[in-house]
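Heads up: the structure comes next, in C-alpha cells.
The values are calculated or read from the model by the stated rules, or taken from the named source; none is laboratory data. Remember, it's a predicted structure, so these values are computed and weren't measured experimentally. No Cβ is skipped: glycine too gets one built from the backbone with ideal geometry, and neighbour counts run over all protein chains shown. The accessibility values were calculated without ligands, DNA or RNA, using every heavy atom of the protein model including side chains. Shrake-Rupley method; radii C 1.70, N 1.55, O 1.52, S 1.80 Å.
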Amino acid sequence: MTSTIATETVRPERNIPAEIARSWLLVNAMKTELFDQSAVSRADSIILDIEDAVDPSQKDHARNNVVDWLTAGGKAWVRINDATSRFWADDLAGLRGTPGLLGVMLAKTESADQVTESFHRMDGKTPVIPLVESALGIEEANNIAKAQGAFRLAFGSGDFRRDTGMAATPEAMAYPRAKLVVASRVGNLPGPIDGPTVGTNHPILREQTGITVMMGMTGKLCLAIDQTPVINEVISPTPSDVAWATDFMADFEANGRVIRDGSDLPRLGRAEKIMKLAVAFGVQPAL
C-alpha cells in the first residue's frame, strides 16, 4: 500500500531546460517532507533518490513515495538503482508511465547496453542520465554517451574515488572530468553534470563549482537546497561576459555579419552561446 504525501504547496514551473540545467538537487526519497520544499527551491532540476540514500529494506517504500508525489502533481527526475542490482527492474516497472516523471538517472552506469535497456524498459521516450561512477564507466564513456536514450552524462565522483583510490584534488579528478566532457561531445550530448560538493562551506562550494566550469562541465549535483544559488551563479555567464557578447554581436551585425578574420567564427560561437544562456538564466550585461 502506498503512502500519502501532502501536496498543498503550489509548485512553480521550472523554466530552465534540462539540457542546460546547472543545479541538480538530490533529495532522499524517504524524506517526503523535503519534496515540496525542493520543488519551490532555486534548483534548476530535482532528483528524487531511491538509490544510495535509501536502505535496501526501504526501497519499495521510497519508490512508492516518489510515485505518489509525482502522481499528485510533482515533477522530478528519479535516481534509480543500478542495472546489476535486484531493485533495477522493479524501479523501472514501478516508474513506467508515472505522470510528472521527467527522466531517470541510472546509477553506476558501466555500459551502453545498460542505458539502452533502461530506456526501452520504460517506454522508449523517458530520457536517461547515465551516472558514471567507476573506472570501467569512465573508460566506456564514449559508448555510453552514444547509447540510445542517453540524455546527459553525470559524474559520481565519490564512488569513483572509492573505486580507484584517487584523491579528490582537481588534479586527480581532471582525467575523469575531461573524459566525460569529451565523451559528451562525441555523443552530441549537452555538457556533463559534475559530482557534488560535500559540506556546508559556501566558499569551498564556489571554488569547486569554478573547477566544474573550467573543466567544461555545465551542471553540478548538489546535496542541499542552500547550495543551489551558489552553483547557479558560478555556472551562469557573468555580467561582464554578457556585456562582451552583447557588444560583439552589435558590432558583428553593424558590419553586415561579415567574417573579417580567423578569430571571428570562434568569437561568434562563444558570443551566441553566452547570449543564449544569459536569456535562459536571466543574466543582465554589466553596465
key: Where the range 206-265 is the region considered: accessible area per residue in Å², 1.4 Å probe   = 48
remark   = Computed for the range 133-184: size of charge dipole around the Cα centre, +1 on C-beta of each Lys and Arg, -1 on C-beta of each Asp and Glu, debye to nearest 20, value 160
note = If one compares the long axis through the Cα atoms of helix 239-254 with the longest principal axis of the Cα atoms of the chain, the angle in degrees, nearest 10, works out at 50
query = In whole percent, what relative contact order does the range 85-206 give with Cα contacts below 8 Å and a gap of six or more residues?
reply = 22
query = Does anyone have the angle between helix 59-71 and the longest principal axis of the chain? Alpha-carbon axes, 0 to 90°, nearest 10?
reply = 60
key: Lys276 versus Arg206: modelled label distance in nm, points set 7 Å from Cα along the beta carbon direction   = 2.9
request  = Just the ratio, please: alpha-carbon radius of gyration of the range 189-246 over 2.2 N^0.38 Å, N its number of residues.
outcome  = 1.15
inquiry  = Could you identify which residue out of Ser111, Ser38, Ser240 has the top mean-square fluctuation in a GNM of the chain using Cα springs shorter than 10 Å?
reply    = Ser240
task = For every other residue with a beta carbon closer than 12 angstrom to the beta carbon of Leu189, add +1 if it is Lys or Arg and -1 if Asp or Glu, then tell me the sum.
result = +2
remark   = Computed over the chain: longest principal axis from alpha-carbon atoms vs helix 202-214 long axis, angle to nearest 10 degrees, is 70
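What is the percent carbon and sulfur in the accessible area of the range 94-246, measuring with a 1.4 Å probe over the protein chains and ignoring ligands?
Reported share for carbon and sulfur atoms: 56 percent.
Provide the net charge surrounding Leu136, with neighbours chosen by a C-beta distance below 10 Å and charges set as Lys +1, Arg +1, Asp -1, Glu -1.
Once all neighbours under 10 Å are counted, the net charge is -4.
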note = Of the listed pairs Lys108/Lys179; Lys146/Lys276; Lys146/Lys179; Lys125/Lys276; Lys31/Lys59; Lys108/Lys220, those with alpha carbons more than 21 Å apart are Lys146/Lys276; Lys125/Lys276
message = Helix-only estimate, please: 222 nm mean residue ellipticity of the chain, summing -39500 (n - 2.57) across DSSP H runs of length 4 or more and dividing by its residues, to the nearest 500.
response = -13500 deg cm²/dmol
message = If I build a Gaussian network model for the chain, linking alpha-carbon pairs within less than 10 angstrom, which residue out of Asp49, Asp226, Asp247 has the largest mean-square fluctuation?
response = Asp247
remark   = Share of Cα-Cα pairs in the range 1-141 beyond 19 Å, whole percent, is 48
remark   = With a ≥ b ≥ c from the Cα gyration tensor eigenvalues, square-rooted, and the rule rounded for a/c under 1.5, otherwise prolate when a/b > b/c and oblate otherwise, the range 178-287 is oblate
ask   = What FRET efficiency would be calculated for the residue pair Val213, Ala135, taking the C-beta separation as r and a Förster radius of 25 Å, to the nearest 0.05?
value = 0.50
request  = Taking the convex hull of the Cα atoms, report for the range 139-201 its projected area averaged over all directions, in nm².
outcome  = 4.7
query = If only Cα atoms are counted, what is the Rg of the range 110-181, and what is its Dmax, in Å?
reply = 12.7, 40
remark   = Most fluctuating of Glu33, Glu140, Glu171 in the GNM of the chain (C-alpha, under 10 Å) is Glu171
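For the chain, what ratio Rg/Rh do Cα atoms give with a Kirkwood hydrodynamic radius?
Reported Rg/Rh (Cα atoms, Kirkwood Rh): 0.99.
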